[in-house]
Amino acid sequence: MSYDDQNVFAKILRGEIPCDKVHEDDWALAFKDISPQAPIHILVIPKGPYVSMDDFSANASEAEVAGFFRAVGRVARDAGAAPDGYRFLANHGDDAHQEVPHFHVHIFAGRDLGGMIRRPKN
């Protein structure tokens, strides 16, 4: 899949669509999710044009990878999520229900998040 520079996150990065920004540095932009699934629900996106975690891990520079994941940790700490715990999630592709074709991580915190995934019924 090639990168679509008209996706909503690309437009947010260009300032064409507003967001409730909580962090920005050379490598990442973080903002509150418009439809939060937990008391703390923040999206962190790299500034580069990467479709998925697969694309990012294969094609981003070492500096981009390090800078992005450091930003994820900083955002979680700054949001107050680190002491009690948080989950970060990146969806990839159709089976994972990735909605926006720009790599992004969701940070969820602020309550008990339950188990990871449901087991299939046999």
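Bear in mind that the values in this text are calculations on the coordinates, not laboratory data. Note that this is a predicted model, so its numbers are computed, not measured. A quick note on method: Cβ atoms are made from the backbone with ideal geometry, for glycine too, and the neighbour counts reach across all protein chains shown.
Things to note:
- Once both labels are positioned 7 Å from their Cα atoms along Cα-to-Cβ, the gap between Glu99 and Met1 label points is 1.4 nm.
- Each of Glu16, Glu24 has some number of other Cβ atoms within 10 Å of its Cβ, and from fewest to most they run Glu16, Glu24.
- From the coordinates shown, Cα extents along the principal axes in Å corresponds to which of [x] 36, 31, 28; [y] 41, 39, 28; [z] 38, 38, 29: [z]
- Relative contact order of the stretch 8-109, defined on C-alpha pairs under 8 angstrom at six or more residues apart (%): 32 percent
- Modelled spin-label separation between Val8 and Arg111, with each label point placed 7 Å from Cα along the Cα-to-Cβ direction: 2.1 nm.
- Residues His102, His41, His97, ranked from the fewest to the most other C-beta atoms within 10 Å, line up as His97, His41, His102.
- Listed from fewest to most Cβ neighbours within 10 Å, the set Val105, Val44 follows the order Val105, Val44.
- Shape of the stretch 1-49, Cα gyration tensor, a/c cut at 1.5: prolate
- For the chain, the 222 nm mean residue ellipticity estimated from helices alone, with every DSSP H stretch of n ≥ 4 adding -39500 (n - 2.57) and the total spread over all residues, rounds to -7000 deg cm²/dmol.
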